[in-house]
1. Here's a check for you: in the range 113-141, which residue that is open to solvent by 60 Å² or more (accessible area, probe 1.4 Å) and among the basic types (Lys, Arg) is nearest to residue 45 (Cα to Cα)?
2. Can you report the number of residues in the range 133-179 which are part of a helix (DSSP H, G or I) and either more than 16 Å from residue 202 (Cα to Cα) or within 11 Å of the chain's Cα centre (by Cα) (or both)?
3. Within the range 195-213, track down each residue that is part of a helix (DSSP H, G or I), small (Gly, Ala, Ser) and open to solvent by 40 Å² or more (accessible area, probe 1.4 Å).
4. Residue under question is residue 163, and the condition is that it be β-branched (Val, Ile, Thr), in contact with an Asp or Glu (Cβ under 6 Å, 6 or more places away or on another chain), open to solvent by less than 20 Å² (accessible area, probe 1.4 Å) and under 18 Å from residue 95 (Cβ atoms); does it hold?
5. Look through the range 41-67, keep the residues that are of a type in the set (Asp, Glu) and within 25 Å of residue 214 (Cβ to Cβ), and return whichever of them is surrounded by the most Cβ atoms within 10 Å (Cβ to Cβ).
6. In the range 142-160, which residue that is among the charged types (D, E, K, R) and at pLDDT 95 or above is surrounded by the most Cβ atoms within 10 Å (Cβ to Cβ)?
Amino acid sequence: MSPDGGRRPPGGEPTSRARRCEHEFLGRVPYEEATHLQQACARRLKEQGAPERLLLLEHPPVITLGRNARDGDLLLDRGVLEARGIAVARTDRGGQVTYHGPGQLVGYPILNLSPDRRDVGRYLRDLEEVLIRTLRRFDIAAGRRGGLTGVWVGPAKIAAIGVHLSRWVTTHGFALNVGTDLSHFSFIVPCGIRHLGVTSMEQLLGRRVTLAGVAAVLVPEF
């Protein structure tokens, strides 16, 4: 994402210079390990001016509870979930509850929004736009729903977004359902929304799609 969204003053140069953003696809990473990695990257960015980064990966099955999670968002007891191999973790991102698991492309941008991108709402819309453009490359017509964060195909959510900012440095990010086991969403109230469903790229396309292949398409859109 360019800092100025590509806007130029009439007859002039871009209003701010693009900054370097490294990216890497890490494969499957446990949620706690990925959290520590994000925190280390954010700390180096704040304290040492390290490059901004986009971490792309997938998690083993885990349900994460955001800052606004409510008791009723989990539909099964934690012990039952863990017996099924699904961990439960609290997190400092915004939002309520979501599921991460194999076949889901998770993106953690570690960016410094200061001084020229200090607009949380715009940052969320930018992440949505990255996902919408990526899905368009696969001939999936995705979009937004008024008043709801995330990316949708009709009444079904295909990507969730939840972020955390500290001194304008971002952690957490987005989760795109590529070939996710959608049955695991039945154990929660996804993002606190009871009346809408979830979908995945493979469900919509009727064929297998690799995470690495989607990541390769997403990076230039980002």
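The values are calculated or read from the model by the stated rules, or taken from the named source; none is laboratory data. Because the structure is a prediction, the values reported are computed rather than measured. Here the Cβ positions follow ideal geometry from the backbone for every residue, glycine too, while neighbour counts run over all protein chains shown. Side chains are part of the model used for accessible areas, which takes the heavy atoms of the whole protein and leaves out ligands, DNA and RNA. Shrake-Rupley method; radii C 1.70, N 1.55, O 1.52, S 1.80 Å.
1. Here the answer is 118.
2. Within the range 133-179, the subset part of a helix (DSSP H, G or I) is 133-136.
In the following step, the residues that additionally are either more than 16 Å from residue 202 (Cα to Cα) or within 11 Å of the chain's Cα centre (by Cα) (or both) were identified as 133.
So the count comes out to 1.
3. Of the range 195-213, the ones part of a helix (DSSP H, G or I) are 201-205, 211-213.
Now restrict to residues that are small (Gly, Ala, Ser): 212-213.
Residue satisfying the conditions is 212 alone.
4. Numbers: β-branched (Val, Ile, Thr): yes; in contact with an Asp or Glu (Cβ under 6 Å, 6 or more places away or on another chain): no; open to solvent by less than 20 Å² (accessible area, probe 1.4 Å): yes; under 18 Å from residue 95 (Cβ atoms): yes.
Taking the combined requirement at face value, the residue does not satisfy it.
5. Let us first name the residues in the range 41-67 that are of a type in the set (Asp, Glu), namely 47, 52, 58.
So of that shortlist, the ones also within 25 Å of residue 214 (Cβ to Cβ) come out as 52, 58.
Details: 52: 19, 58: 23.
It comes out as 58.
6. Initial filter on the range 142-160 (among the charged types (D, E, K, R)): 144-145, 157.
Okay, now just the ones that are also at pLDDT 95 or above, so 144, 157.
Working: 144: 14, 157: 24.
Only one residue fits best here, namely 157.
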